[in-house]
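Q: Structure in structure tokens, see below.
The values are calculated or read from the model by the stated rules, or taken from the named source; none is laboratory data. In this text the structure is predicted, and so the values were computed from the model without any measurement. A quick note on method: Cβ atoms are made from the backbone with ideal geometry, for glycine too, and the neighbour counts reach across all protein chains shown.
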Amino acid sequence: MTNQEKPIRVMLADDHPIVMAGFAMSLQSQGIEVIGKVRTPQELLEQYSQLQPDVAIVDIRFGEKMSGFDAAKALLQQHPQARIIFLSQFDQDSFIKEAYALGGRAFVTKDCESVELAQAVRKVHHGELAFIPAIAERLANLSVQKDTSPQTLLDKRSLAIFVLIAEGLTNAEIAEKLDISIKTVSNTSQLIKEKLGVIRQADVTKMAFKYGLIQA
């Protein structure tokens, strides 16, 4: 950075203050200015409007009622030119695809090197998409593979039943929660398993975790 260049101004949005503190230190060591750290979606929207950062780094698991994707959608509605980097502990295919489909300019895992994060910030600030090597490889693979995620193959009600099965609920509990008959749950459950190619409860749970539908 030359004397004439202003430092890139970044806002961090994560509900884990220790994580934010670590990333703030990493970015500042790379000459990037952290002008705001927020812990809720509402704070993100309010502080972004006030501070107008060059780049916002938003955790996907951000907030109890709203995910990072929800918060980012709201932010982009208010500020369509916002440059967002999504941050996640996990790199599930569904997360990566949704991050870029939503309008994110980069997807970075929390175990990335500080240099990689700084490079992503600089590229996004200059209007580019940023692909750290591990994510670039995943995106390349996704582009040539058929999408077999539950989100793509199942309709809305089937997906809701799939998630509840993955969480370990019984057919009776699912029927009560969704206000449908046990027979409907049983029939739909069988169709779901046939469509996704899974049989055991453990396989259902594993698939739901893989595609980011449930947390460990």
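Q: Return the residues of segment 75-126 that are of a type in the set (Gly, Ala, Ser) and in contact (Cβ under 8 Å) with a residue 12 or more places away in the chain; say none if nothing qualifies. Outline the logic, then answer.
A: First pass over segment 75-126, keeping only residues of a type in the set (Gly, Ala, Ser): 82, 88, 94, 99, 101, 103-104, 106, 114, 118, 120.
Correct list: Ala82, Ser88, Ser94, Ala99, Gly103, Gly104, Ala106, Ser114, Ala118, Ala120.
Q: On to the next question. Can you pull out the residues in segment 29-42 that are buried (at least 16 other Cβ atoms within 10 Å of the Cβ) and assigned to a helix (DSSP H, G or I)?
A: Residue satisfying the conditions is Pro41 alone.
Q: Here is a follow-up. Could you give every pair whose Cβ atoms fall below 6 Å, whose first residue belongs to segment 191-216 and is among the β-branched types (Val, Ile, Thr), and whose second residue is in a helix (DSSP H, G or I) and surrounded by fewer than 18 Cβ atoms within 10 Å (Cβ to Cβ), counting only separations of at least 6 or pairs across chains?
A: Ile192/Ser158
Q: Name the residue that is modelled with the lowest pLDDT, counting only residues in segment 191-216 that are assigned to a helix (DSSP H, G or I) and among the basic types (Lys, Arg).
A: Going through segment 191-216, the residues assigned to a helix (DSSP H, G or I) turn out to be 191-196, 201-210.
Filter once more, keeping what is among the basic types (Lys, Arg): 193, 195, 206, 210.
On the way: Lys193: 89, Lys195: 87, Lys206: 89, Lys210: 81.
Here the residue is Lys210.
Q: Does Thr188 meet the test of being modelled with pLDDT of 90 or more and within 13 Å of Leu154 (Cα to Cα)?
A: Details: modelled with pLDDT of 90 or more: yes; within 13 Å of Leu154 (Cα to Cα): yes.
The answer is yes for Thr188.
Q: Taking segment 133-181 only, how many residues are modelled with pLDDT of 80 or more, closer than 19 Å to Lys206 by Cβ and small (Gly, Ala, Ser)?
A: 4
Q: Are any residues in segment 29-78 of a type in the set (A, V, I, L, M), out of contact with any strand residue (DSSP E or B) (no Cβ under 8 Å at 6 or more places or on another chain) and modelled with pLDDT under 90, and if so, which ones? If you could, list the steps in order and put the result at the bottom.
A: Initially, segment 29-78 is screened for residues of a type in the set (A, V, I, L, M), giving 32, 34-35, 38, 44-45, 51, 55-58, 60, 66, 71-72, 74-76.
This time we only want the ones that are out of contact with any strand residue (DSSP E or B) (no Cβ under 8 Å at 6 or more places or on another chain), so: 45, 66, 74.
Passing the criteria: only Met66.
Q: Enumerate the pairs (first residue in segment 11-28 and in the same structural domain as Asp59 (by TED's automatic domain parsing) and surrounded by fewer than 20 Cβ atoms within 10 Å (Cβ to Cβ); second residue anywhere and assigned to a helix (DSSP H, G or I) and not aliphatic (A, V, I, L, M)) with beta-carbon separation below 7 Å, excluding pairs fewer than 6 apart on the same chain, so at least 6 apart or on different chains.
A: What qualifies is Ser26/Ser114.
Q: Hey, another quick one. All but one of (1) touching an Asp or Glu at 6+ places or on another chain (Cβ under 6 Å); (2) over 19 Å from Lys110 (Cβ atoms); (3) not in a loop (DSSP other than H, G, I, E, B) hold for Gln50; which doesn't?
A: (1)
Q: Of all residues in segment 34-65, which are over 20 Å from Ile96 (Cβ atoms) and aliphatic (A, V, I, L, M)?
A: Of everything in segment 34-65, those that are over 20 Å from Ile96 (Cβ atoms) and aliphatic (A, V, I, L, M) turn out to be Val34, Ile35, Val38, Leu44, Leu45, Leu51.
Q: Take the residues of segment 69-100 that are closer than 14 Å to Leu129 by Cα and not in a helix (DSSP H, G or I): which is nearest to the chain's Cα centre (by Cα)?
A: Narrowing segment 69-100 to residues closer than 14 Å to Leu129 by Cα: 81-86, 96-97, 99-100.
Add one more test, that the residue is not in a helix (DSSP H, G or I), and what stays is 81-86.
On the way: Gln81: 19, Ala82: 17, Arg83: 15, Ile84: 11, Ile85: 10, Phe86: 6 Å.
Within segment 69-100, the match that is nearest to the chain's Cα centre (by Cα) is Phe86.
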